[in-house]
Amino acid sequence: MKTELSILCRQKGSRKKYFSIAIEPLDGGFVVPFLLHRQGKPDRSGTKTPQGAVSYEKAKRAYESAIWHRLADGYRVENSERMIEQC
């Protein structure tokens with residue numbers, strides 16, 4: 001199975017923020033976990049699918065929506081979307 005992963009970055013003043021988000025398989029469906037890292041602050045993690053595993057189509061919509069919202073907020077893509085092989 002493959003996992004989609006995107007990392008976005010925003011610099012405001014001297015501080016950088018990183019936002020990573022992925023689509024990962026879980027229990028026959030998919031979840032969309034994220035991690036927000038801000039320099040000098042504790043990391044914040046969560047999921048864009050709080051109801052648990054959902055269909056790939058719903059996970060993809062949540063993933064893309066979160067990315068578009070971050071881009072609109074001034075983030076830029078730190079890595080191009082890539083596929084990571086899962087063992």
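Each value in this text was obtained by applying a stated rule to the coordinates, not by laboratory testing. Everything numeric here is computed off the predicted structure, so don't read it as measured data. Methodologically, a virtual Cβ is constructed for each residue, glycine included, from the backbone with ideal geometry; neighbour enumeration extends over all protein chains shown.
At least 3 residues that are of a type outside the set (Gly, Ala, Ser) and touching a strand residue (DSSP E or B) at 6+ places or on another chain (Cβ under 6 Å) in each: list the strands (runs of 3 or more DSSP E) lying fully within segment 1-57 that qualify.
Values: elements: 2-12, 15-26, 29-31, 33-38, 44-47.
Passing ranges, in order: 2-12, 15-26, 33-38.
Number of residues in segment 44-61 that are surrounded by fewer than 16 Cβ atoms within 10 Å (Cβ to Cβ), under 21 Å from Gly74 (Cα atoms) and among the charged types (D, E, K, R): the value is 2.
One line per residue, one yes/no per condition, for (1) more than 24 Å from Asp73 (Cα to Cα); (2) touching a residue at least 12 places away in the same chain (Cβ under 8 Å); (3) crowded, with 16+ Cβ neighbours inside 10 Å:
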{"site": "Ser6", "(1), (2), (3)": "no, yes, yes"}
{"site": "Lys12", "(1), (2), (3)": "no, yes, no"}
{"site": "Ile21", "(1), (2), (3)": "no, yes, yes"}
{"site": "Pro25", "(1), (2), (3)": "yes, yes, no"}
{"site": "Gly28", "(1), (2), (3)": "yes, yes, no"}
{"site": "Phe34", "(1), (2), (3)": "no, yes, yes"}
{"site": "Pro42", "(1), (2), (3)": "no, no, no"}
